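Take a look at the structure below.
The values are calculated or read from the model by the stated rules, or taken from the named source; none is laboratory data. Quick caveat: nothing in here was measured; it's all calculated off a predicted structure. Using ideal geometry, Cβ is built from the backbone for each residue, glycine included, and neighbour counts are taken over all protein chains shown. Surface areas here come from the heavy atoms of the whole protein model, side chains and all, with no ligands, DNA or RNA. Shrake-Rupley method; radii C 1.70, N 1.55, O 1.52, S 1.80 Å.
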Amino acid sequence: MKIAFVGKGGSGKTTLSSLFIRHLAASGAPVVAVDADINQHLGAALGLEETEAAALPAMGERLPLIKDYLRGSNPRIASAETMIKTTPPGEGSRLLRVDEANPVYDACARPVELDGGTARLMVTGPFTEADLGVACYHSKTGAVELCLNHLVDGRGEYVVVDMTAGSDSFASGLFTRFDITFLVAEPTRKGVSVYRQYKEYARDFGVTLKVVGNKVQSQDDIDFLRAEAGDDLLVTVGHSDWVRAMEKGRPPRFELLEEVNRRSLQALRTAADGTYELRDWKRYTSQMVQFHLKNATNWGNARTGADLAEQVDPGFVLGESPMATA
């Protein structure tokens, strides 16, 4: 299952996504965790020291390797240099699986031990001095979008992406790449404004969106979130001594997380698992093609010097089998 955590800056989305990753890993489930936030805090939230987190290989810096591997023997793609972030797979493309060894994981992923469980952690990489003033952050997240376009995940397998704050993901097709999106919202007007904006933008794309109320202190907070989000409000999370200790760099064993918060994490997993039966691989493939053709016309053809519409394989539908055709 592909799961995104979104929310305004400071809402606690990175903390909650890290707790969810720990929850999944503790059960023995295969987990790929991706830090696609410009602030790059997921590694630290998963217990890495600052030097360890800073040493993680950046996906953006390994984009040529990623493109070359995913291209495979696809005859519609003349070269890896003509691939852009929305390039869809076709016959001959290499697909990624959650629980496998491949050159992309070898180059970009590192195992993180989490109380007996393990997650693969991948990071887009932070802005560098060379990026300042000349690049937008979506040039970093393009590697994430390309990988998700070529990813086949099954029941009981999880890809958890900590997204950049606010509604920035709508600058690309990345927001459509998930089975479910958890929007972390504080019980404030600013907290729910991102929810309303996200829901409006995603309305026509079949995005499954659920709200996770965070920093909830009273029944009045819960009532406020329910009035604003209605049935989209899935669970709420309040104060956690475990989280406070984790933020100080001294996390207890994960099994000591408060029972009420453990139940909230299980509710998130149940909601994510429940979207499996709703999967529509034809729509998923169609959406990636839609965004690819739009990018090709707007900038991709000019940048690569190729007609990127020719990369689209009209008979290919991504699915859990290695090759599915319409």
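Between the helical axis of 138-149 and the dominant principal axis of the chain, each derived from Cα atoms, what acute angle in degrees is found, rounded to the nearest 10?
Once rounded, the angle reads 80 degrees.
On C-alpha positions alone, give me the angle between the axis of helix 189-202 and the longest principal axis of the chain, in degrees, nearest 10.
Tilt relative to the chain: about 30 degrees.
Treating only the Cβ of Lys, Arg, Asp and Glu as charged (+1, +1, -1, -1), what charge dipole size does the chain show about its Cα centre? Round to the nearest 20 debye.
Values: 36 positive and 43 negative charges, 78 e Å.
Taking the Cα centre of the chain as origin, the dipole is about 380 debye.
GNM, the chain, Cα, under 10 Å: largest mean-square fluctuation among 159, 243, 31?
Judging by the Gaussian network model, the answer is 243.
Please compute the Cα-Cα pair-distance distribution of segment 156-273 with 10 Å bins starting at 0, giving whole percents from short to long.
Going from the shortest bin to the longest, the percentages are 12, 40, 36, 12, 0.
Excluding residues on the same chain fewer than 8 positions from residue 190, give the lysines whose Cα lies under 26 Å from its Cα.
Hits, sequence-local ones excluded: 8, 13, 199, 210, 215.
For residue 151, enumerate residues with amide H under 5 Å from its amide H, sequence gap 5+ or separate chain, H modeled in the peptide plane.
Close amide H contacts, sequence-distant or interchain: 96.
Provide, in order from the shortest bin, the percent of all Cα-Cα pairs of segment 1-84 in each 5 Å bin, continuing until the bin that contains the maximum pair distance.
For segment 1-84, the binned pair fractions read 2, 12, 19, 16, 17, 13, 11, 7, 3, 0 percent.
Ignoring ligands and nucleic acids, what accessible area does residue 155 show with a 1.4 Å probe (Å², nearest 10)?
Residue 155 exposes around 140 Å² with every protein chain in place.
For residue 159, which sequence-distant residues (separation of 5 or more, or a different chain) have an amide H within less than 5 Å of its own amide H, given hydrogens modelled in the peptide plane?
HN-HN under 5 Å from residue 159: 2, 3, 32.
What list of ³J(HN,Hα) values in whole Hz, one per residue of segment 29-38 in order, does the Karplus curve 6.51 cos²θ - 1.76 cosθ + 1.60 (θ = phi - 60°) give from phi, with Gly and Pro shown as x?
Ordered by residue, 3J(HN,Hα) equals 6, x, 9, 10, 9, 10, 9, 10, 8, 4 Hz.
If you take the square roots of the eigenvalues of the alpha-carbon gyration tensor of segment 208-326 and sort them as a ≥ b ≥ c, do you get rounded (a/c under 1.5), prolate (a/b over b/c) or oblate? Before the final figure, lay out the partial values.
Working: a/c = 2.38, a/b = 2.31, b/c = 1.03.
Prolate, because a/c is 1.5 or more and a/b exceeds b/c.
Roughly how many percent of the accessible protein surface of the chain is carbon and sulfur, given a 1.4 Å probe and a whole-percent answer?
Accessible surface attributable to carbon and sulfur in the chain totals 49 percent.
Using θ = phi - 60° and the Karplus relation 6.51 cos²θ - 1.76 cosθ + 1.60, list the HN-Hα couplings for segment 83-90 in order, rounded to whole Hz, with x at every Gly or Pro.
7, 10, 4, 9, 3, x, x, x
At 222 nm, what helix-only mean residue ellipticity would the chain give, in deg cm²/dmol to the nearest 500, using -39500 (n - 2.57) for each DSSP H run of four or more? List each step's numbers first, then the result.
Details: 12 runs with 117 residues, N = 326.
Using -39500 (n - 2.57) per qualifying helix, the result is -10500 deg cm²/dmol.
Report D for segment 1-50 in µm² per second (integer): Stokes-Einstein, Kirkwood Rh on Cα pairs, 10 °C, 1.306 mPa s. Before the final figure, lay out the partial values.
Values: Rh = 11.5 Å.
Here the translational diffusion coefficient equals 138 µm²/s.
Just add up the charged neighbours of residue 77: K/R +1, D/E -1, any other residue whose Cβ is under 13 Å from the Cβ of residue 77.
On the way: positive: 67, 71, 76, 94; negative: 68, 81, 91, 307, 310, 313.
So the environment of residue 77 carries a net charge of -2.
Between segment 173-237 and segment 26-75, what's the alpha-carbon centroid distance in Å?
26
Provide the per-residue ³J(HN,Hα) series for segment 101-108, in order, calculated from phi with Karplus coefficients 6.51, -1.76, 1.60 and θ = phi - 60°, each as a whole number of Hz, with x at glycine and proline positions.
9, 7, x, 5, 5, 4, 7, 10
Scale the Cα Rg of the chain by the rule-of-thumb value 2.2 N^0.38 Å and send over the ratio, two decimals. Each step should come with its number before you reach the end.
Values: Rg = 19.3 Å, N = 326, 2.2 N^0.38 = 19.8 Å.
Rounded to two decimals, the normalised Rg is 0.97.
Packing-wise, with mean Cβ within 10 Å as the measure, how do 59-71, 180-192 rank, highest first?
Numbers: 59-71: 19.9, 180-192: 21.5.
Answer by packing, highest mean first, reads 180-192, 59-71.
Where q = 0.08, 0.14, 0.17 Å⁻¹, what log10 of I(q)/I(0) comes from the Debye formula for segment 1-157, counting one point per Cα?
-0.23, -0.72, -1.05
Under a Cβ-Cβ cut-off of 15 Å, what is the net charge of the residues other than residue 99 that fall near it, where Lys and Arg count +1 and Asp and Glu count -1? The partial results should precede the final answer.
Details: positive: 2, 97, 120, 155; negative: 100, 106, 153, 157, 320.
Combined, the nearby Lys, Arg, Asp and Glu give -1.
Give the percent of DSSP beta bridges with both residues in the chain that are antiparallel, rounded to the nearest 5. Display every interim value, and only then the final one.
Working: 7 of 37 bridges.
Percent antiparallel among DSSP bridges in the chain is about 20.
Hey, can you grab everything whose amide H is under 5 Å from the amide H of residue 114? Only 5+ residues off in sequence or another chain; H modelled, so Pro and N-termini drop out.
Under 5 Å from the amide H of residue 114 lie the amide H atoms of 119, each far enough along the sequence or on another chain.
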